[in-house]
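Chemist: I'd like to ask some things about the structure below.
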Amino acid sequence: MGLKHIAIDSMILIYLLEGHPKYKESCKKLIKNAESVVISSLSVGEILTGYKKNDNKSAEIQFFAFLKAIPNLRIQAFSMQEALHFANLRADYPFLKAPDAINIASALNSPAEVFITNDKELQKVTHIPVKTL
């Protein structure tokens, strides 16, 4: 794709963590080739929830080590600016679920030039270019 500044959906990290047979390599290349990668703090929470539900402490530790190993990763906290983007997104796109709106709002308040997901429905959003794997 040749993108320098990207924001990624939770599923991109999940594909990497779980070694998805179809998407792992393309996700790895995408992140490696980007100068900066943004994820929302919600994405971190979504992934941690699965580990917490299963009381999988070793997976939690591995997940944090995985995040630290991505040198160009920025975890975007939800601020007032994201809240404004969130409100605009939900108003403009009634189909948009709150977690997706939060992730895209985080992308909008970052240097990201594109939001990468594997949810084709999100390509209807025009506030930021949305690309699928």
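The values are calculated or read from the model by the stated rules, or taken from the named source; none is laboratory data. What you are looking at is a predicted structure, and each value in this text was computed from that prediction instead of being measured. FYI the Cβ positions are ideal-geometry reconstructions off the backbone, even for glycines, and counts take in every protein chain you see.
Chemist: So, in region 21-48, of the ones that are surrounded by fewer than 20 Cβ atoms within 10 Å (Cβ to Cβ) and either in contact with a Cys (Cβ under 8 Å, 6 or more places away or on another chain) or among the β-branched types (Val, Ile, Thr) (or both), which residue ends up modelled with the highest pLDDT?
Modeler: To start, the set of residues in region 21-48 that are surrounded by fewer than 20 Cβ atoms within 10 Å (Cβ to Cβ) comprises 21-26, 28-29, 31-33, 35-36, 41, 44-46, 48.
Narrowing further to those that are either in contact with a Cys (Cβ under 8 Å, 6 or more places away or on another chain) or among the β-branched types (Val, Ile, Thr) (or both): 31, 44.
Numbers: ILE31: 94, VAL44: 97.
Filtering region 21-48 for residues that are surrounded by fewer than 20 Cβ atoms within 10 Å (Cβ to Cβ) and either in contact with a Cys (Cβ under 8 Å, 6 or more places away or on another chain) or among the β-branched types (Val, Ile, Thr) (or both), the one modelled with the highest pLDDT comes out as VAL44.
Chemist: Looking only at region 57-72, which residues are part of a loop (DSSP other than H, G, I, E, B) and either hydrophobic (A, V, I, L, M, F, W, C) or surrounded by 14 or more Cβ atoms within 10 Å (Cβ to Cβ) (or both)? Explain how you work it out, then say what you get.
Modeler: Here is the first cut: in region 57-72, the residues part of a loop (DSSP other than H, G, I, E, B) are 69-72.
Selection gives ALA69, ILE70, ASN72.
Chemist: Is at least one residue of region 13-28 of a type outside the set (D, E, K, R) and within 11 Å of the chain's Cα centre (by Cα)? Write out each step before concluding.
Modeler: Taking region 13-28 as the starting set, the residues that turn out to be of a type outside the set (D, E, K, R) are 13-17, 19-21, 23, 26-27.
The next check asks that each one be within 11 Å of the chain's Cα centre (by Cα); those that pass are 13-14.
Checked against the condition, which is being of a type outside the set (D, E, K, R) and within 11 Å of the chain's Cα centre (by Cα), region 13-28 yields at least one hit.
Chemist: A further question follows. Out of curiosity, is THR126 of a type outside the set (A, V, I, L, M, F, W, C), outside any helix (DSSP H, G or I) and at pLDDT 95 or above? So that I can check it myself, show each step before the final result.
Modeler: Working: of a type outside the set (A, V, I, L, M, F, W, C): yes; outside any helix (DSSP H, G or I): yes; at pLDDT 95 or above: yes.
It is true that THR126 is of a type outside the set (A, V, I, L, M, F, W, C), outside any helix (DSSP H, G or I) and at pLDDT 95 or above.
Chemist: Which of the residues that make up region 20-31 are farther than 10 Å from ILE116 by Cα and in a helix (DSSP H, G or I)?
Modeler: Scanning region 20-31 gives LYS24, GLU25, SER26, LYS28, LYS29, ILE31.
Chemist: Evaluate the following for LEU13: is it surrounded by fewer than 20 Cβ atoms within 10 Å (Cβ to Cβ), of a type in the set (A, V, I, L, M) and within 24 Å of HIS85 (Cα to Cα)? Full working, then the answer.
Modeler: Values: surrounded by fewer than 20 Cβ atoms within 10 Å (Cβ to Cβ): no; of a type in the set (A, V, I, L, M): yes; within 24 Å of HIS85 (Cα to Cα): yes.
Considered against the rule, which asks whether it is surrounded by fewer than 20 Cβ atoms within 10 Å (Cβ to Cβ), of a type in the set (A, V, I, L, M) and within 24 Å of HIS85 (Cα to Cα), LEU13 comes out as no.
Chemist: Does region 89-101 include one or more residues that are part of a helix (DSSP H, G or I), touching a residue at least 24 places away in the same chain (Cβ under 8 Å), touching a His at 6+ places or on another chain (Cβ under 9 Å) and farther than 20 Å from CYS27 by Cα?
Modeler: For region 89-101, residues part of a helix (DSSP H, G or I), touching a residue at least 24 places away in the same chain (Cβ under 8 Å), touching a His at 6+ places or on another chain (Cβ under 9 Å) and farther than 20 Å from CYS27 by Cα: present.
Chemist: Sticking with this structure for a sec: Select from region 4-19 the residues that are in a strand (DSSP E or B) and hydrophobic (A, V, I, L, M, F, W, C) and list them in ascending order. Break it down into steps so the answer makes sense when it comes.
Modeler: Start the filter on region 4-19 by keeping residues that are in a strand (DSSP E or B), which leaves 5-8.
If the condition is that a residue be in a strand (DSSP E or B) and hydrophobic (A, V, I, L, M, F, W, C), then ILE6, ALA7, ILE8 are the ones that fit.
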